[in-house]
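Structure first, commentary second.
Computed from the coordinates by the stated procedures, all read-outs in this text should not be read as laboratory data. Computed from a prediction, not measured in an experiment: that's the story for all the values here. Ideal geometry is used to build each Cβ from the backbone, glycine not excepted, and the neighbour counts take in all protein chains shown.
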Amino acid sequence: MSNVFDTLVSRGYIEQVTHEELRDLLGKEKVPFYIGFDPTADSLHIGHFISLMVASHMQKAGHKPIMLIGGGTATIGDPSGKTDMRRMMSREEIDHNVECFKKQMSKFLSFEGENAAIIVNNADWLLNLNFIEFMRDIGSLFSVNKMLTAECYKQRMERGLTFFELGYMLMQSYDFLKLYEEYGCKLQLGGNDQWSNILGGVDLIRRVGHSDSFGLTFKLLTTKEGKKMGKTEKGALWLDPNKTSPYEFYQYWRNIADEDVKTVLSLITFLPMEEINELCAYKDERINEAKRRAAFEITKLIHGEEEALKAEEAANALFGGNGSLENMPTTKIENVNTSILDAMITIGFAPSKGQARTLITQGGITLNDEKVTDVNYMLSDADFKDGYAILKKGKKVFHKLEK
C-alpha cells in the first residue's frame, strides 16, 4: 500500500495537518476518512472538485471514503466565509439534492470492493437530537471564548452572529465523533476554509478519550492571484451538463491563464506528475498544448470521453478552422428577423439591452466574423447562410443561432 500522504504533497494538495503522525498512520493502516458536502444545490460544482480528487487518491491508496451529506447541518448553513445566514432548506429539497450528488460522486469513487465508499447523511442523527442531552454531553466540552477566535465566526461577528450558527461547529464536530464511533473514522478532510470546524471535531474526539483522530485541509482551487476558480459569467461552473454544457466546461479550462496550467493539471487530473512537468516545461505558445490537454482530461473525467471529444471538435472548428460545429452551444430562434440586442439576451451574452448595447459599442460583438457596430442592427435571412449564424463575444465566447 503506497503512502498517499506523499502523493498529496507531491501534487500540491495539502495545506494544514493537525498532527505530524498522520503521515505514518496513512503509510501503515487503512484509514476510514470523511469529507462533508452540504446539499445546497442539485449539483456539485467545481468548488467540490478538489474534495472528490483527494477522496479518489485516498481510496486508490487503500483507505475507505465516507462521504457525509450534510442533510442536518444544511438546515442551519455553515457560516464559514459567509457574511449572511443561509436560507433554511426543506427535508424534501435536501433529499433530492443528495440523490443528485450520489450520481456525480460515482465518477470519482468506487462504491464496491473491500474499501468501498459509503454515503451517509447526518440528518439521520442530528434531526432527532435531544437538545438538553446534546448541550450537556457535547456543548459542555466547547469553550465559547475559543470558538469566537475562529475565522469563520470572526467574520460574522460584525454583522451579527446567531446562536443558531454558533451551533454549526458543535454539529460538525459531533459528526466526526459519530463517524469515529460507528465506522472507525479517524480522519476528517476538507478545504482550508474548514480548518476551524475540523479542529473542533479532532479536539472533541480527543477530549472524550481517543488519541487517534486527525484533520487535514487541502488547498482551494485558485488562480495565481488567489481568486477562486470556477466562476463564470453565468455563475458557478457546475458538474451537471444541464447547468453547464460540456462545451462550456471544456472552454473554461481551455482558456485558463498560462501560469495556472500546472496547478490545474496537478490538482484536478490524474496525469502522472512526470508528464505534467513535461507539458508545462515551456512558457511560449507550446503551453497551449498543456491547456488543451487539461481541458480534455478534466472534461473526460466529468462528462466522459465522447463528450470531451465533441467539445474539442467544436473548439477546433472555432479556433483552428477545422472540426465540427455541431457541438458548440446552439439556440434555435423562432423569428429570424430579430434585433441583435434581443438575440444577445436570448443566448446569455448580456442580461439586459443596456449591457448588450455597451458590448456592441465597445467592439465586443461579432456576427459571422464581422464586427457589429450598429446597436439597432436587425438579423435577417442573409445572416443565416447554411441555416445558421455565429455570434461571438470577445475572443473566446461563441454561440450558434439556428433558424
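Between V9 and K371, the modelled labels are 5.4 nm apart [label points 7 Å from Cα along Cα→Cβ].
If the chain linking E92 and K353 were pulled fully straight, counting 0.36 nm for each residue of separation and taking away their Cα-Cα distance, it would gain 90.2 nm.
Which of M53, F398, C100 sits closest to the plus end of the dipole of the chain, meaning its Cα is farthest towards the positive end, when Lys and Arg get +1 and Asp and Glu get -1 on the C-beta? Among M53, F398, C100, the one farthest towards the positive end of the dipole of the chain is F398.
Pop the C-beta distance of E133 and D42 into the FRET formula with R0 = 35 Å and round what comes out to the nearest 0.05.
On the way: r = 34 Å, r/R0 = 0.98.
That gives a FRET efficiency of 0.55.
Peptides 204-210, 284-290 ranked from most to least packed by the mean count of surrounding Cβ atoms within 10 Å: 204-210, 284-290.
Can you put W253, W195, W125, W238 in order of Cβ neighbours within 10 angstrom, beginning with the fewest? Intermediate values should be presented prior to the final figure.
Values: W253 26, W195 20, W125 16, W238 23.
Ordered by Cβ neighbours within 10 Å, fewest first: W125, W195, W238, W253.
Taking a ≥ b ≥ c as the square roots of the eigenvalues of the alpha-carbon gyration tensor, the range 293-396 is classed prolate because a/c is 1.5 or more and a/b outweighs b/c. If the segment from S339 to S143 were pulled out straight at 0.36 nm per residue, it would be longer than the present Cα-Cα gap by 64.3 nm. Note on the range 113-141 and the range 342-403: Cα centroid distance 53 Å, given to the nearest whole angstrom.
Might you report the magnitude of the Cβ-based charge dipole of the chain about its Cα centre, with Lys and Arg at +1 and Asp and Glu at -1, to the nearest 20 debye?
Working: 49 positive and 57 negative charges, 161 e Å.
In total the dipole reaches around 780 debye.
Entry note, the chain: relative contact order of 15 percent, from Cα contacts under 8 Å with a spacing of 6+ residues.
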